[in-house]
Structure formats: C-alpha cells, structure tokens
C-alpha cells in the first residue's frame, strides 16, 4: 500500500492542487486540504472518485462519472440513526426516525397540501409538519436521512414538479426541480445518494425510470425502463436494490415484481411475483426485507406480503391489514424495525407491522386529516 505521511497538504500556485497519482491512503495527525471552488468552477474532465470542496454549499463532493456527475458527501445525522451497538433493540436507523405523509386527495379527488409526521417508534397521532407548495393528489415520496422529496401528482392536471423538505425541521416544502414528464402515481425508492422514480400515468401509463441526486436540487435524469408501462406501482428497497411491485399495466392489476441496481443505470429485471395481483399498496423496508401491505386487485385487499430483497423469488405471506382497503400511500414509511402505512380509501388510519416477524397489522394512530393517496417517505428506511 502506498502511503504519504505529512502534516498538511495545501494548494500550490494557481487554481489547481497537485496531482497525487497511485496513492491509496493518506495519513496525517493534522488535516488534508483538497482543491476547492464554486459549483460553476467544477471540472468536467476528471476521473471518477475525484474529491473537491464546494465553497457554495460548504461541503465535500465527489465526481461519480460523467453519467452521474458531482455529488455532495453527506454527514449522517445520529439523531436518526439510533444506537449503533451490536444487539441493540434499535440498532441501525430505528430511534427517532420520522414518517412523513404529504398531499393526497379528499373525497372529491381534489388535491390537498398538508404535510404530517409521526415518530415511527412512538404510537400516536400525526403532527402537523407544514404544507406543500401546491395542493397535490397522488404524488410519490422518497427520502435519504436528511431530505424528503415529493414528486409528480396532479394539481389538478398532471404535474412534473418535485418539492423537498428537511425532515428534521418542520416547515413548508420548497421547489427542487422537475420530473422528465408530468405524471402521477410514480413509485419511488432511494438510498443516501439517489432518489429513483419509476412508472406512473400522465395521461397514459409510462415505463420510464428516472433519478435525481437527493442532496442537490435539479431535474430528473433518465435511468432506464420498467418491463412494462404501468401506474399505481409500489416499491421497496435495500441500500443497493430497488424493487417495483404490482401496479396496473392495462385494464387490470399485475403481480409482477422487477428490480434495479440503484447505483447504476439500466432497465428493470424480473424479481418474482406477488402472492396476488394488486396495485396501490403500502410499503416498508428493513435493510434485508421489504413488506408490501394491502392494496387493490382491483377490489380492496388486506393481504401483506414480504420479500427478502437480496434474493430473487416470489413474495411470501406475512399477515393481514386491519381491514381490506385500497388506494394507499405512495412511498416507503419505516425504520429498520417497524413499517407504517396510511392514507387508505379516504380515512385517517395509520397501521404498523414489525418487519422482522410475521403477523397482522396493528393500529398506530391517525393522520391529521382524512385523505387517500398521499406521498409517503421516511428517513430511517432500509435503503439508508
């Protein structure tokens, strides 16, 4: 292993730092100063893995290749990670993680703008978080440990808008960018770096998969295609895989599940089948298991399935929801222990299951208002 021991590295003359070739480790009891500059000064012709300090946003960033470009290196917030000691009840991302419900529809299909939150480890009713910039029906939700994104929907016509919130701090949503097209019912997965949206409707079913870098505002970029154009798909994810399940490719529901590798780009690949053809389910994930709750087939269903995300195969019976209800949330709400689902056929009920076991769902509490098809997201799910 090559090693350089030094008290400091600094820029030399001019705007560029010295090149260090073939160095695999830098050790110093003091500090290392990388090249720095504004966003506009980012170099475009550099090697993947290049580091620099962005003076506009005050953080390190890394070049991940020409397809992805520059991405900020984020600090994990221990407030949401919980106790990381081995064997802890809340090992991983359990303690303090929030589930967010945003937008949705009233009984007349008009868009709503309230944003609610709950602390996933604590049973109880939702608390007001703020408002979306535009009242939106059927948006999709995703998050990393810091930021939540709410994308697409109708307000009242199909929209391509993406808004974001900072999950630790209550407040109104802010403009993030735009999807590649206006659509609703987009299925969403995410890890710490990327948010990925697949499928949807506007005004026809689409098979498009697109992605954004969650830490940086901007528009969606093409990722690949689902195996079929479909809407009302539900997705689960690990840190590496996103799995799109069910949905409506035509006049009826499907039981097809397909997966992508989130760090790359490309089309969906067959994963297996749900136990029942259905659409508009709720979803929660640990690091290893994805849980898919209820939905429509097209009639309301109370079925809960689970998959082991690292291994392709068919879904396995988990239990039942409190009652058969369709038109659920669009997004993942869970920490590594507990999965939540809310926003049923126009009511305010939130239910939960313990992901590592099997069994029926239990009552968690209520949303602040009755609604269906809200965006749903969380900063403790298994993809993080």
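Restricting attention to the stretch 320-327, does a residue exist that is farther than 22 Å from residue 190 by Cβ, touching a residue at least 40 places away in the same chain (Cβ under 8 Å) and not in a loop (DSSP other than H, G, I, E, B)? Outline the logic, then answer.
Kept after step one, since they are farther than 22 Å from residue 190 by Cβ, are these residues of the stretch 320-327: 320-327.
Restricting the remaining residues to those that are touching a residue at least 40 places away in the same chain (Cβ under 8 Å) gives 320-322, 326-327.
Now restrict to residues that are not in a loop (DSSP other than H, G, I, E, B): 320.
Within the stretch 320-327, one or more residues are farther than 22 Å from residue 190 by Cβ, touching a residue at least 40 places away in the same chain (Cβ under 8 Å) and not in a loop (DSSP other than H, G, I, E, B).
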Within the stretch 208-219, of all residues that are buried (at least 16 other Cβ atoms within 10 Å of the Cβ) and free of Cβ contacts under 8 Å to residues at least 60 places away in the same chain, the one farthest from the chain's Cα centre (by Cα) is 208
When you scan the stretch 354-362, do you find a residue that is in a loop (DSSP other than H, G, I, E, B) and within 25 Å of residue 198 (Cα to Cα), even just one?
yes
Of the residues 296, 246, which is more than 19 Å from the chain's Cα centre (by Cα) and under 21 Å from residue 340 (Cβ atoms)?
296
Condition first: assigned to a loop (DSSP other than H, G, I, E, B) and either without any contact (Cβ under 8 Å) to a residue 12 or more places away in the chain or crowded, with 18+ Cβ neighbours inside 10 Å (or both). Now tell me which residues in the stretch 251-270 satisfy that.
251, 253, 254, 255, 262, 264, 268
What single numbered condition from (1) within 22 Å of residue 285 (Cβ to Cβ); (2) more than 19 Å from the chain's Cα centre (by Cα); (3) modelled with pLDDT under 95 fails to hold for residue 138?
(2)
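Going by the conditions given, is residue 365 in contact (Cβ under 8 Å) with a residue 24 or more places away in the chain, within 29 Å of residue 164 (Cα to Cα) and either in contact with a helix residue (DSSP H, G or I) (Cβ under 8 Å, 6 or more places away or on another chain) or crowded, with 24+ Cβ neighbours inside 10 Å (or both)?
On the way: in contact (Cβ under 8 Å) with a residue 24 or more places away in the chain: yes; within 29 Å of residue 164 (Cα to Cα): yes; either in contact with a helix residue (DSSP H, G or I) (Cβ under 8 Å, 6 or more places away or on another chain) or crowded, with 24+ Cβ neighbours inside 10 Å (or both): no.
Taking the combined requirement at face value, the residue does not satisfy it.
When the residues of the stretch 40-59 are narrowed to those that are farther than 15 Å from residue 73 by Cβ and outside any loop (DSSP other than H, G, I, E, B), which ends up modelled with the lowest pLDDT?
Taking the stretch 40-59 as the starting set, the residues that turn out to be farther than 15 Å from residue 73 by Cβ are 40-41, 43-47.
Those still in the list that are outside any loop (DSSP other than H, G, I, E, B) too: 40-41.
Numbers: 40: 77, 41: 87.
Here the residue is 40.
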Within the stretch 160-191, take every residue that is free of Cβ contacts under 8 Å to residues at least 60 places away in the same chain and within 19 Å of residue 280 (Cβ to Cβ) and give me the one that is surrounded by the fewest Cβ atoms within 10 Å (Cβ to Cβ).
184
Test: residue in the stretch 377-384 that is out of contact with any strand residue (DSSP E or B) (no Cβ under 6 Å at 6 or more places or on another chain) and either at pLDDT below 95 or in a strand (DSSP E or B) (or both):
yes
Subset of the stretch 301-338 [at pLDDT below 90, surrounded by fewer than 21 Cβ atoms within 10 Å (Cβ to Cβ) and at positive phi]:
none
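The values are calculated or read from the model by the stated rules, or taken from the named source; none is laboratory data. The structure presented is a predicted model; accordingly, all values stated were derived computationally and were not measured. Cβ: placed from backbone, ideal geometry, glycine included. Neighbour counts: every protein chain shown.
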